[in-house]
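Trainee: Submitted below is the structure of interest, expressed as structure tokens.
Throughout, read-outs are computed from the coordinates displayed, never taken from laboratory work. Quick caveat: nothing in here was measured; it's all calculated off a predicted structure. Please note: Cβ atoms are built from the backbone with ideal geometry, for glycine as well, and neighbour counts cover all protein chains shown.
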Amino acid sequence: MEESLDHLMQQDRPLDAGASEKVQESAWVSASQAGDALAFNRLVLKWEKPVYNLSLRMLQDRDEAAEASQEVFCSAFRNIRRFRRDAKFSTWIYRIAVNQCISRLRRRPPGLHLSMDDQRPESPLKGWNPALESHEGDLMREEERRRVRQALGRLPADHKVVVELKFYQELTFEDIADVLETPLSTVKSRFYSGLDMLKLRLGGA
Amino acid sequence: MGTGCDHFRSLIPRAMLADLDPAEQRELDLHLAECAPCAGERELYAQTLGRMRSLEDVPVPRHFLVYPEQRQSNPWRLFRSLTPVWQGSLAAGILILFLVSAAAATRIQVGTRDGALVLAFGGALPAETKPVPAARLDTTEMEARIARIVEEKNRKEELEWIRKLRAELAQSQRGFTRNQRTLLEAALGTLETRVNARVDETARTLDERRAQSLTALYQAIKLQQDSGLALVDAKLNRLAINGEKKNSEIDAILDTILQVADLNTTQLPGEKR
């Protein structure tokens, strides 16, 4: 598997921008649907970072985000034959990821808002080497990140997922509506409502 | 804050994400240039978005590669992917199914009834069904009843016939001379004797024929137990018709005798009316 991974990493260089990437992704999807695990793992390497970061911001827990990401790709691998070729792979993988995260959030006891900072108070400084990063600005940035994570963590799940997809994953409202299978007007309403909540928590600071 | 500020404030986040058409964007820009509170609101949104951007993506802690054997679905994994409510419902359903199956397996009974396989859950097998015997026809009693009915009917008819005959004779005797009456009574005595004999003979014949008919009837009844009393009634009617025929014959004989007696009376020599 390690040899295959190195081979994959070498072949995972971007070809041309835009269309070439889509063609390449389409070829990997086709091969995956034919049962080629290597081709699917190329898709994993391309999409694992967005999926992991989406899971991390949604779940606010590194271990659970990693577990969820693994489950997303395993589920996608099991169901790749059901993927319709006329749809976007990104929409499909985001939909699986969002469903996975919302399912995990629902399993949590009501009213529980996990935060990486709440769970691990030392986490902002985890891995921080005072000898290398002693600048006060770094501490301030880390504090700001902690506040943003907290504010995001307190959003309702359906608002949080729209903010995540729009702001961090940079999807269009139309794509978000496809991912969530929700009307466009609802998506926009949730996004601006979520943004308003974040403004109240972050804007005045 | 002006009256139209609420509208423009609702446009601010949309403007930050380039979600306004050019005309709306121009209107908003003009308003923000003149309205300090709304400009401050835009600044708040800008700060918010700026802070949100500080939460940049992090590298993955490891690769999430998959293995060919992971294509197979694992029931336990599927179960774990369900929400707690569904997990509880599914677990409860499986438990109930197991308990019902166990109860059915321990209390099930198998048997055959009327050549068919019968399963009984939690109770005894249904009792074997036995054919219900048909109601038995008591032919002896029916024979006695029929005989009584026929005898009673004939006796009534005979008595009625004799009563009419005597009335006829009594009416005929009026206006006769003494000698004629003597002769007539003698003739009538003879006639009565003969009639009685004939009636007895007719009765015997009727009895015999009735007995024959009844025997045939009983046999028919025995052979066709389900034919019912309608058939018996038909037979009885036929017997009655036969009796009436015989009575008619007797009437004819009696008339003949009376005519003969009347003729003898008119031909007696030296007699005067």
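Trainee: Where the Cα atoms of the range A:154-205 are projected onto their three principal axes, how long is each span, largest first, in whole Å?
Mentor: That works out to 35, 17, 15 Å along the principal axes.
Trainee: Another question, if that's okay. Going Cα to Cα from A:K22, which lysines come in below 25 Å? Please leave out same-chain ones fewer than 8 positions away.
Mentor: Hits, sequence-local ones excluded: A:K46, A:K49, A:K88, A:K166.
Trainee: Here's another thing I want to ask about it. I need the peptides A:100-108, B:252-260 ranked by packing, meaning the mean over residues of other C-beta atoms within 10 angstrom, with the highest value on top.
Mentor: Answer by packing, highest mean first, reads A:100-108, B:252-260.
Trainee: Quick one: compute the contact order of the range A:154-205, relative version, from alpha carbon pairs under 8 angstrom and 6+ residues apart, as a percent.
Mentor: 41
Trainee: Viscosity 0.692 mPa s, temperature 37 °C: give me the Stokes-Einstein translational D for the range A:25-113 in µm²/s, with Rh taken as the Kirkwood radius over C-alpha pairs.
Mentor: Stokes-Einstein gives a translational diffusion coefficient of 244 µm²/s.
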